[in-house]
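We did not get these values from a lab; they are worked out from the coordinates using the rules stated. Nothing here was measured: the structure is a model prediction, and the numbers come from that model. Note that we place each Cβ from the backbone using ideal geometry, even for glycine, and neighbour counts take in every protein chain shown.
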Amino acid sequence: MQDRPTIDELLEAVAGFLRDDVLPNTQGRISFHARVSANVIEMLRRELGSLEEHYASEWDGLDHLLGVEPMPPGLANVREGLLARNKQLSERIQKGDADPGPWRNALLAHLRRVTHDKLTVSNPQLAAEG
């Protein structure tokens, strides 16, 4: 959809409703599920807002570790490509390529960066601490 409200605006409205209207007026199981739902929606908002940037960064890091490969068009294709490339990365680690040396240092830097990007989506407070 290209018009307003945007996806982010819709998600923000639902999260706000849960946080501002449902949570203060419920308790127990319903309150718990409303809080979880609001947190999930906020996580989706963060993921949608950073998905392309995080995918590109991860792809670039894998290019440095595995060799350059053109990133395919379309997010679904990129996601599939990242899964395949991460499988290749895992195979290299299993073969011992991550034993001490310069490739290991590059690998650890890549894994820290990718993990940090994932934390900015799932738990931004924890990401800010590190």
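Shown here is the pair-distance distribution of region 7-129: with all Cα-Cα distances grouped in 5 Å bins from zero up to the longest one, the shares run 2, 10, 15, 16, 15, 13, 10, 7, 6, 4, 2, 0 percent. Put a plus charge on the Cβ of each Lys and Arg, a minus charge on the Cβ of each Asp and Glu, and nothing anywhere else: the dipole of the chain about its Cα centre is then about 480 debye. Sorted ascending by nearby beta carbons within 10 Å, beginning with the fewest, ILE41, ILE7 become ILE7, ILE41. Compared with the dominant principal axis of the Cα atoms in the chain, helix 28-66 is inclined by about 20°. Averaged over residues, the count of other Cβ atoms within 10 Å places the peptides 62-71, 100-109 in the sequence 62-71, 100-109, highest first.
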